[in-house]
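Enquirer: One structure is given below, represented as structure tokens, and several questions about it will come after.
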Amino acid sequence: MPRLDLNALTLWITAAAVRHPADLAQTLMARSGASRHAATAALRRLVAMNWLVREGTKQKPRFRPGLLRQVVQRYPLEGLSEDLPWARDFAPFFDLPAEVRRMTQHAFGELLNNAIDHSEGRNVTVSLRQTPSHVQLLVSDDGRGVFDKIQQSFDLGDPHAAMLELSKGKLTSQPLRHSGRGLYFTARLADVFDLHANAAAFQRRDWDNKGWRSGKPMQRQGTSVYFGLALDTPRTLDSVLKAHSLDGAGFGFERTVVPLRLLASDVAGLDSRAQARRVASRLNRFRHADVDFSGIEHLGHSFADELFRVLAPETAGVNIVPINMSANVAAMVGSIAA
């Protein structure tokens, strides 16, 4: 008889418990080829690990999902619609607070749709996991990689430049079908958000007001996006969407944040007019832009002059506000304003 791998069982046992509460042992035996003794022992261990709850009698046990839940599915991308996997393969098997469920569904749909419409891949794997404290979503495709696609579509030099444009929002390679809101708002719904593509990775943490930063890339081809959200979050989908309207009451995407740390590195600071032009690119699509200097200790005069004086006519309709400035940066920006 084959040996049962508990880690492998957790990938599908949640859905099986919902579909086969009274005959879960038989389902496990049929799917794995295990003996009744092995199947019963595995179910007993899964109960002890909080993957399952056992009810009923000794002779007629019934099972239901426990505090730990997980569903993993792999789909061909061709012809896939993002709404059906959520409604059919995922939502029925999780017990999420109403607002968390709404945000998770939003993230699920946006990330899966990105894989369908943009990845140019063949397959996508989706994993959704619930713990006593969090819901965790991972969407991975085998396509060309999001940064490569953006670099080619917008003639950008490297993944950091591509991430800078993504971080502003309203960026899409298919403007007739998309508005460039999906990834921007999905990242802001999450407590933890990681974006991996080929040899580059970036991460965002809600508790860190410094915004996007470089991460450690996964060694695989394609794009992988991780979304983590606390079950007790006070955040709601509407509150995140409204926070980016000018008055904080509507759903217009009128405000953005530009994380300048994506342009700087240990060997190259912000010191050129070309860098400033990259920062200002597409800001005229918004009405307010916070230019975030978190992590930037020094600022070159050419950068400051270009962004705050030379490019002022091109961004005249945008309220550009520098935030999180060090004393040195504030002094340089102040010298331009004067």
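The values are calculated or read from the model by the stated rules, or taken from the named source; none is laboratory data. Note that the structure is predicted; figures quoted are calculated from it, not measured. Every residue, glycine among them, receives a Cβ derived from its backbone with ideal geometry; neighbour counts consider all protein chains shown. The area values use the complete protein model at the heavy-atom level, side chains included, leaving out ligands, DNA and RNA. Shrake-Rupley method; radii C 1.70, N 1.55, O 1.52, S 1.80 Å.
Enquirer: Suppose the filter is touching a Pro at 6+ places or on another chain (Cβ under 9 Å) and open to solvent by 30 Å² or more (accessible area, probe 1.4 Å); does Asn114 pass it?
Expert: Working: touching a Pro at 6+ places or on another chain (Cβ under 9 Å): no; open to solvent by 30 Å² or more (accessible area, probe 1.4 Å): yes.
Against the criterion (touching a Pro at 6+ places or on another chain (Cβ under 9 Å) and open to solvent by 30 Å² or more (accessible area, probe 1.4 Å)), Asn114 does not qualify.
Enquirer: Regarding Val257, is this residue at pLDDT below 95, open to solvent by 40 Å² or more (accessible area, probe 1.4 Å) and within 23 Å of the chain's Cα centre (by Cα)? Steps first, please.
Expert: Details: at pLDDT below 95: yes; open to solvent by 40 Å² or more (accessible area, probe 1.4 Å): yes; within 23 Å of the chain's Cα centre (by Cα): yes.
Taking the combined requirement at face value, the residue satisfies it.
Enquirer: Next question, about the same structure. Would you point out the residue of the stretch 268-322, among those that are under 30 Å from the mean Cα position of the chain (by Cα) and polar (S, T, N, Q), that is surrounded by the fewest Cβ atoms within 10 Å (Cβ to Cβ)?
Expert: Here the answer is Asn319.
Enquirer: Quick one: count up the residues across the stretch 81-92 that are buried (at least 16 other Cβ atoms within 10 Å of the Cβ) and not in a helix (DSSP H, G or I).
Expert: Result for the stretch 81-92: 1.
Enquirer: Right, another one. May I ask you to verify whether Ala162 is touching a residue at least 40 places away in the same chain (Cβ under 8 Å) and surrounded by 18 or more Cβ atoms within 10 Å (Cβ to Cβ)?
Expert: So Ala162 does not fit the description; no.
Enquirer: Mind checking which pairs have a first residue in the stretch 109-129 that is among the hydroxyl-bearing types (Ser, Thr, Tyr) and a second that is open to solvent by less than 40 Å² (accessible area, probe 1.4 Å) and assigned to a loop (DSSP other than H, G, I, E, B), Cβ under 9 Å, 6 or more apart or different chains?
Expert: Every condition considered, the pairs that remain are Ser119/Leu77; Ser119/Gly143; Ser119/Gly145; Ser119/Gly222.
Enquirer: What are the pairs, 6+ residues apart or on separate chains, where a residue within the stretch 323-338 that is modelled with pLDDT under 95 has its Cβ under 6 Å from a residue that is part of a helix (DSSP H, G or I) and open to solvent by 70 Å² or more (accessible area, probe 1.4 Å)?
Expert: Listed by first residue and then by second, the contacts come to Ile336/Arg309.
Enquirer: With part of a strand (DSSP E or B), without any contact (Cβ under 8 Å) to a residue 40 or more places away in the chain, open to solvent by 90 Å² or more (accessible area, probe 1.4 Å) and over 12 Å from Leu9 (Cα atoms) as the only criterion, which of Arg44, Arg54, Arg62 stands out?
Expert: Answer to the check: Arg54.
Enquirer: Kindly establish whether Val100 is in contact (Cβ under 8 Å) with a residue 24 or more places away in the chain, open to solvent by less than 80 Å² (accessible area, probe 1.4 Å) and among the β-branched types (Val, Ile, Thr). Give the steps one after another, and end with the answer.
Expert: Numbers: in contact (Cβ under 8 Å) with a residue 24 or more places away in the chain: yes; open to solvent by less than 80 Å² (accessible area, probe 1.4 Å): yes; among the β-branched types (Val, Ile, Thr): yes.
Yes.
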